[in-house]
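Reading through the C-alpha cells given below for one structure.
The values are calculated or read from the model by the stated rules, or taken from the named source; none is laboratory data. Just so you know, these numbers come straight off a predicted model, no measurement behind them. In this analysis, Cβ positions are derived from the backbone assuming ideal geometry, glycine residues included, and neighbour counts consider all displayed protein chains.
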Amino acid sequence: MQRWHGLDAVPSDWGRCVVTIGVFDGVHRGHQDIIGRAVAQARQRGVPSVLMTFVPHPSEVVRPGSHPPVLTSIVRRAELVEQFGIDVFCALPFSLELSQMPPDAFGHWALVEKLHAAGVIVGENFRFGHKAAGDVATLQQLGTRWGFSAEGIPLLADHGTPLSATYVRSCVQAGDMPGAAAALGRPHRLDGVVERGDQRGRELGYPTANLRTDPWAAVPADGVYAGRAWRLDEWGRTVGDEPLADAAISIGTNPTFEVRQRRVEGYLLDFSGDLYGQALGFEFVQRLRGMAKFDSVEALVTQMDADVDNARAVLA
C-alpha cells in the first residue's frame, strides 16, 4: 500500500481511481464495510482504491479544544486499512483554509483535479465543505457534473445500534471492552512509549511497563484489565503477528499510594527484559475490577496476585 501525505504526493502520471473519504478513527466494522465496497468497486473498474482521511481531526481545527478521544493513531489507521485491501492511504493535512472551502471547490480540487476519481464511496452521513454544507446528494450532483459516480453506504448497525466511532468511544470510556471489540472487530488498543515510573511495582514483585500515551488517546475507564502487549517499531507500526506477552493492565491514580497522576501500566505475564524507551501497544480484552484503595501493601499484593490469576484465566 502506498502512503501519501497530502494531495501534492499524487504522482504526475496518476490515472482514475475509486476514492473513499472520512476520518475513519477506529476503523470499526462500519468503516470496514465502506472500505470493502470501495475496494470491490475499484477492482471491478480495474483502478486503484484510495482512502482519504484527515490529520489532525477536523473538529480540532474548526472548534479547538473539542477534539474527541482518538481510537487509532494515523499510523495505526493506515496499518488497519491496508488489511482490507486499500491501495493508497492519503492523510490530508486539515487546516482552517481547507475547512472554509465550499463543497464544490473541495470536490473539484480533491476528487477531480488531484485524484481523477471515477467513483466515490462514503457513509450515508458523510458531510464535507465549509460548515459541513455538502452531503451525499451534493456529492452525487458534483459527480454528474464532473464524471464520477458517488454512493452513500447505509450505516452498519449491531442489534439496532448504528456503529460509529462515538459509540466505540463510549464503550471504551465505560470499560466495556467486549462491547468495543464487537464494534471494532478486534480489541481496542492503546499505543505509547514505555517510560520510567516510581518502580514501586518492581518492589512488590510485579514490575510494570508504564505507558506514555498521546494526550488525545482513548484511554479506558480506571480499573484493572486482562489484555495483551504488542511490540511496535519506532514509527508505531505493529511488529510481528503475535503479541509480545499477555498482560494485567492497571489504569488509574493508584490510590493506595496516593498517586495523583493517572497512569497506564501493564504487568507482562511470563516476560523478562528491559522495555524502557520502547513502543508498545496495550490491547484490552476484559475489565477485571475497578480501581480501589487498600488498607495495606499486603492487601494490595494479595489482590494483585488474584488479578494476575484472573487475567490468565480470561486470556486462556
Could you tell me how many of the residues in the stretch 269-288 are in a loop (DSSP other than H, G, I, E, B) and either in contact with a His (Cβ under 9 Å, 6 or more places away or on another chain) or of a type outside the set (A, V, I, L, M, F, W, C) (or both)? 7
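If you take the residues in the stretch 32-55 that are under 20 Å from Arg169 (Cα atoms) and touching a strand residue (DSSP E or B) at 6+ places or on another chain (Cβ under 8 Å), which one is surrounded by the most Cβ atoms within 10 Å (Cβ to Cβ)?
As a first pass, look at the stretch 32-55 and keep what is under 20 Å from Arg169 (Cα atoms): 32-34, 53-55.
This time we only want the ones that are touching a strand residue (DSSP E or B) at 6+ places or on another chain (Cβ under 8 Å), so: 33-34, 53-55.
Numbers: Asp33: 17, Ile34: 26, Thr53: 21, Phe54: 23, Val55: 16.
For the stretch 32-55, the residue satisfying everything is Ile34.
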Spot the failing condition for Met291; the list is (1) over 24 Å from Ile74 (Cβ atoms); (2) without any contact (Cβ under 8 Å) to a residue 60 or more places away in the chain; (3) not in a helix (DSSP H, G or I), and only one is missed. (2)
With the first residue restricted to the stretch 148-173 and required to be under 23 Å from Ala110 (Cβ atoms), and the second required to be surrounded by 20 or more Cβ atoms within 10 Å (Cβ to Cβ) and among the charged types (D, E, K, R), Cβ contacts under 7 Å at 6 or more apart or on different chains are Ala165/Asp25
Can you name the number of the only condition in (1) over 29 Å from Ala157 (Cβ atoms); (2) among the aromatic types (Phe, Trp, Tyr); (3) touching a helix residue (DSSP H, G or I) at 6+ places or on another chain (Cβ under 9 Å); (4) in a strand (DSSP E or B) that Phe54 fails? (1)
Selection status of Arg189, buried (at least 18 other Cβ atoms within 10 Å of the Cβ) and either in contact with a Ser or Thr (Cβ under 9 Å, 6 or more places away or on another chain) or under 21 Å from Val23 (Cα atoms) (or both): yes
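Determine whether Pro103 is surrounded by 19 or more Cβ atoms within 10 Å (Cβ to Cβ), touching a His at 6+ places or on another chain (Cβ under 8 Å) and in the same structural domain as Val47 (by TED's automatic domain parsing). Outline the logic, then answer.
On the way: surrounded by 19 or more Cβ atoms within 10 Å (Cβ to Cβ): yes; touching a His at 6+ places or on another chain (Cβ under 8 Å): yes; in the same structural domain as Val47 (by TED's automatic domain parsing): yes.
Yes: the conditions hold for Pro103.
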Candidates Val75, Val27, Val39, filtered to the one that is more than 26 Å from Arg212 (Cβ to Cβ), among the hydrophobic types (A, V, I, L, M, F, W, C), in contact (Cβ under 8 Å) with a residue 24 or more places away in the chain and in the same structural domain as Lys114 (by TED's automatic domain parsing): Val39
Filter the stretch 223-242 down to the residues that are assigned to a loop (DSSP other than H, G, I, E, B) and surrounded by 21 or more Cβ atoms within 10 Å (Cβ to Cβ) and list them by number. none
Return yes or no: is Ala209 small (Gly, Ala, Ser), farther than 20 Å from Pro69 by Cα and surrounded by 14 or more Cβ atoms within 10 Å (Cβ to Cβ)? yes
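Table: residues versus (1) farther than 25 Å from Gly179 by Cα; (2) surrounded by 20 or more Cβ atoms within 10 Å (Cβ to Cβ).
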site	(1), (2)
Ala221	no, no
Leu244	no, yes
Ala247	no, yes
Leu268	no, yes
Ser272	yes, no
Gln278	yes, no
Gly281	no, yes
Arg289	no, no
Asp309	no, no
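From the set of residues in the stretch 228-245 that are without any contact (Cβ under 8 Å) to a residue 60 or more places away in the chain and of a type in the set (Gly, Ala, Ser), which is nearest to Val172 (Cα to Cα)? Show your work before the answer.
Taking the stretch 228-245 first, the residues without any contact (Cβ under 8 Å) to a residue 60 or more places away in the chain are 229-234, 239-245.
After this cut, where a residue has to be of a type in the set (Gly, Ala, Ser) as well, the list is 229, 240, 245.
Values: Ala229: 17, Gly240: 25, Ala245: 22 Å.
Restricting to residues being without any contact (Cβ under 8 Å) to a residue 60 or more places away in the chain and of a type in the set (Gly, Ala, Ser), the top hit is Ala229.
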